[in-house]
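Below: one structure, written as structure tokens.
Coordinate-derived values only; no laboratory data. The model shown is predicted, which means the values in this text are computed figures rather than measured ones. Here the Cβ positions follow ideal geometry from the backbone for every residue, glycine too, while neighbour counts run over all protein chains shown.
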Amino acid sequence: MGAKAQALALHITRTAHKYARDPHQRTPWSVASCEQGHSWARFFAKGGGKMDDCTVIVALVQEVEE
């Protein structure tokens, strides 16, 4: 079971990193930056994310048989 959680966390992390690097990907950060009128936001073509640390926590919950 731990391997499934690790694989899921890795997939989520890689997807987040991919979206952050894509200047055409609409992300909450890019949309909010453009709405706030930041002068540097024009370089992101209203897309991309904020390159930052990415932490993912995955929890698997399962029923225990008695």
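For the reader, a short list of remarks on this structure follows.
- Residue-wise HN-Hα couplings along the range 56-65, as the Karplus relation 6.51 cos²θ - 1.76 cosθ + 1.60 with θ = phi - 60° gives them from phi, are 10, 10, 10, 10, 9, 10, 9, 7, 9, 7 Hz; Gly and Pro carry x.
- Note on Arg21/Val64: beta-carbon distance plugged into 1/(1 + (r/R0)^6) with R0 of 30 Å gives a FRET efficiency of 0.15.
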